[in-house]
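Only one structure is covered here, and it is reproduced in the block below.
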Amino acid sequence: MNVTGFNQTDGCLPYVCSERSVSTAVYVLLYICAAAVVLLTVFGNLLIIISICHFKQLHTPTNMLILSLALSDFLVGSFVMPMLLIWMIESCWIFERVYCIFFLLTSYFFTSTSIYSIALIAADRYFALSNPFIYTESVSVNTMCVVVLCSWFILLVYILALLYFNIPVVKLLMCPGDCFLLLDEIWSLVDLVVTFVFPFTVIIVLYVLIFIIAKKHATAIRELNAQTRTQTSGNTSESVSERKAARAVTTLIFVFMACLFPYFVYTLSGDTDQIEFNSFQNVFILLYLNSAINPIIYALFYPWFRKCVKLLLTFKIFKTDSALMNVL
């Protein structure tokens, strides 16, 4: 994540925490809204995590990638969003240096894992459509878990290296009210390629290929149905189910890209010395609001998620053999 700060010749921003210019009622309302967003993010994604982990029917390779994305979003809601929202409301970074470093580490890492989870979902869907028989035989839940763990580990090593080579050289701005990591030109380019150009290129290319394959499959199914009318109803219901699943994943990915794209465009456009603080925060919060939006997408497009939530909220999950319940 190519986060840049506000570059001044003295290495510090002429920024001082100002007193609140809003009424107490508005101030309290802002904190209530912030708490609501955090709770939606944390509990919404926690429901996804519990559902996939508990119910045996949901133990599929693709759902392991959804689990990885939900875990990233859950951790964003738990560790990143509270500090970011307080920073926005107060118009000032009120925490100490160690919390600034922790904020940068978690925000970089969890955003990167979310991006690569989306890229892996695109790769998974492409492989499943292009080589369904090989996919069924070679891709198991355990295989996908190993892939996810490897991706998280590699990204963690990369983020630690990014912070290690930048923070010690006084590129961490801890002036009054600020917490930014300034990257030099080389690291900015590396970070841009690793966390934006490469995964987004993979996502776009694979989804173009998925669209082409899906159109071929739809044409073949229509031709088959025309020849065998007796199987039309079964094939139709199956194709409708597949279209709903494809629509859900497509919506998930495009909403994700819509939330991330403004941030990367903003940080890359113009002179970073002229970046406005409020505008930067607006695109920054949009980046993380995606973590709160994802559970809503699951609730709208995935019937199994709605069933799982109902079972969880009615405490039927505590019944004997509840893990074997039919949720599909």
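Annotations
- Hits in region 102-129 (condition: small (Gly, Ala, Ser) and under 14 Å from Asn290 (Cβ atoms)): Ser107, Ser112, Ser114, Ser117
- For region 214-236, the criterion of being more than 27 Å from Arg306 (Cβ to Cβ), among the hydrophobic types (A, V, I, L, M, F, W, C) and at pLDDT 80 or above is satisfied by no residue at all.
- The C-beta contact set for region 50-63 (first residue part of a helix (DSSP H, G or I), second residue surrounded by 17 or more Cβ atoms within 10 Å (Cβ to Cβ) and charged (D, E, K, R), distance under 7 angstrom, 6+ apart or interchain) comprises Pro61/Asp124; Thr62/Asp124.
- Under the condition of being surrounded by fewer than 16 Cβ atoms within 10 Å (Cβ to Cβ) and in a helix (DSSP H, G or I), the residues counted in region 124-134 number 4.
- Filter pass, Thr113 being closer than 20 Å to Cys259 by Cβ, assigned to a helix (DSSP H, G or I) and modelled with pLDDT of 90 or more: yes
- Test result for Phe280, in a helix (DSSP H, G or I), closer than 25 Å to Cys33 by Cα and modelled with pLDDT of 75 or more: no
- Single unsatisfied condition, Val42 versus (1) surrounded by 15 or more Cβ atoms within 10 Å (Cβ to Cβ); (2) at pLDDT below 90: (2)
- Of the residues making up region 121-157, just one is under 30 Å from Arg97 (Cα atoms) and either among the polar types (S, T, N, Q) or touching an Asp or Glu at 6+ places or on another chain (Cβ under 9 Å) (or both), namely Ser151.
- For the condition free of Cβ contacts under 8 Å to residues at least 24 places away in the same chain, within 21 Å of Leu182 (Cα to Cα), of a type in the set (Val, Ile, Thr) and assigned to a helix (DSSP H, G or I), Val98 qualifies.
- Considering region 47-87, and only residues there that are closer than 19 Å to Ile115 by Cα and in contact with a Phe, Trp or Tyr (Cβ under 7 Å, 6 or more places away or on another chain), the residue that is surrounded by the most Cβ atoms within 10 Å (Cβ to Cβ) turns out to be Val76.
- Tally of residues being more than 20 Å from the chain's Cα centre (by Cα), surrounded by 14 or more Cβ atoms within 10 Å (Cβ to Cβ) and modelled with pLDDT of 60 or more across region 157-171: 5
- All of Ser117, Ser112, Ser138 fail the test of being over 27 Å from Val197 (Cβ atoms) and either buried (at least 20 other Cβ atoms within 10 Å of the Cβ) or of a type in the set (Gly, Ala, Ser) (or both), apart from Ser138.
- Any chance Tyr126 is aromatic (Phe, Trp, Tyr) and at pLDDT 90 or above: no
- Subset tally (residues that are in a helix (DSSP H, G or I) and closer than 16 Å to Thr60 by Cα) for region 304-328: 5
- Sole exception among (1) of a type in the set (Phe, Trp, Tyr); (2) within 24 Å of Ser291 (Cα to Cα); (3) out of contact with any Leu (no Cβ under 9 Å at 6 or more places or on another chain) for Phe133, by number: (2)
- Looking across region 125-150 at every residue that is among the small types (Gly, Ala, Ser) and in contact (Cβ under 8 Å) with a residue 40 or more places away in the chain, the one that is farthest from Ser114 (Cα to Cα) is identified as Ser130.
Residues checked against (1) over 14 Å from Ile285 (Cα atoms); (2) more than 18 Å from the chain's Cα centre (by Cα):
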position	(1), (2)
Lys56	yes, yes
Asn63	yes, no
Gly77	no, no
Cys92	yes, yes
Val98	yes, yes
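The values are calculated or read from the model by the stated rules, or taken from the named source; none is laboratory data. Keep in mind the model is a prediction, meaning the values are calculated, not measured. Please note: Cβ atoms are built from the backbone with ideal geometry, for glycine as well, and neighbour counts cover all protein chains shown.
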